[in-house]
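Below is one structure, written out as structure tokens, with a few remarks after it.
Laboratory data are not the source of any read-out in this text; all were calculated from the coordinates shown. Keep in mind that what you see is a predicted model, and the values were worked out from it rather than measured. As a convention, Cβ positions derive from the backbone with ideal geometry for all residues, glycine included, and neighbour counts pool all protein chains shown.
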Amino acid sequence: MIQSQLPPGVLQTLSEVMTWCSHFPFRSPALDPSSILDVPDWSHDSEPFEPWAQGKYDSFRRAISWINDARSKLLKEAGIEILNPVDTLAKCRLLLYWPLETVEDGASEAGSMGFYDMQDSPPWDTWFFYADRAIFCCVPEFAFSRAQDGIDGNPVACIEWAEWSRLARVEN
């Protein structure tokens, strides 16, 4: 069973993602990681790409940790009962997003009616894990079609569905 293969704590975090998404709108201000992700744009005239990219990746890792902590704390403070972890995987899908592989053309944003943003980013409320230079997102079933529409309209391979077993094989 895939649940036993997930990294420690991930099933609880997935349950919290699903609980949060069933009570709050996507891109909720309470989980906005913008200040953590504030890394200056890279320019060809500045530093080499790899150190800049590593800084960007580190900011995503910090943002996801902060989102997970904030989401857990806010759910507890609100007294919202967390969904049963055993049922969670059946009610969501795993979406992978490679944030440095995007193009800012708005195709996935338009196709998904705003599920993705201009940088092809899924709502930060769905982010829960970072590994292999990808953001792992938990998409609730009510958003499957919008997420798929954005994937279909995206001209680059920066967002895709994945099997849950992918989590068991990652190196964080």
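In deg cm²/dmol and to the nearest 500, what is the mean residue ellipticity at 222 nm of the chain if only DSSP H runs of at least 4 residues count, each as -39500 (n - 2.57), divided by the residue total? Walk me through the numbers before you get to the answer.
Values: 6 runs with 67 residues, N = 172.
That comes out to -12000 deg cm²/dmol.
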Using a Gaussian network model on the chain with a 10 Å cutoff between Cα atoms, which of N154, N68, N84 fluctuates the most? N84
Would you mind ranking E101, E81 by Cβ crowding within 10 Å, fewest neighbours first? E81, E101
Helix check for the chain. Which DSSP H runs span at least 15 Å along their own axis by Cα, with a mean Kyte-Doolittle hydropathy no less than -1.0? 10-23, 49-78
Tell me, rounded to the nearest percent, the portion of alpha carbon pairs in the range 72-172 spaced more than 20 Å apart. 40
Order of R62, R146 under a 10 Å beta carbon neighbour criterion, fewest first: R62, R146
For the range 29-98 and the range 153-172, what is the separation of their C-alpha centers, rounded to whole Å? 15
Put in order of increasing Cβ neighbours within 10 Å, starting from the fewest, D125, D87 give D87, D125
Using only the alpha carbons, work out the radius of gyration and Dmax of the chain in angstrom. 15.8, 51
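What does the charge dipole of the chain about its Cα centre add up to, to the nearest 20 debye, if the Cβ of each Lys and Arg holds +1 and the Cβ of each Asp and Glu holds -1?
Working: 13 positive and 26 negative charges, 147 e Å.
Once rounded to the nearest 20, the dipole reads 700 debye.
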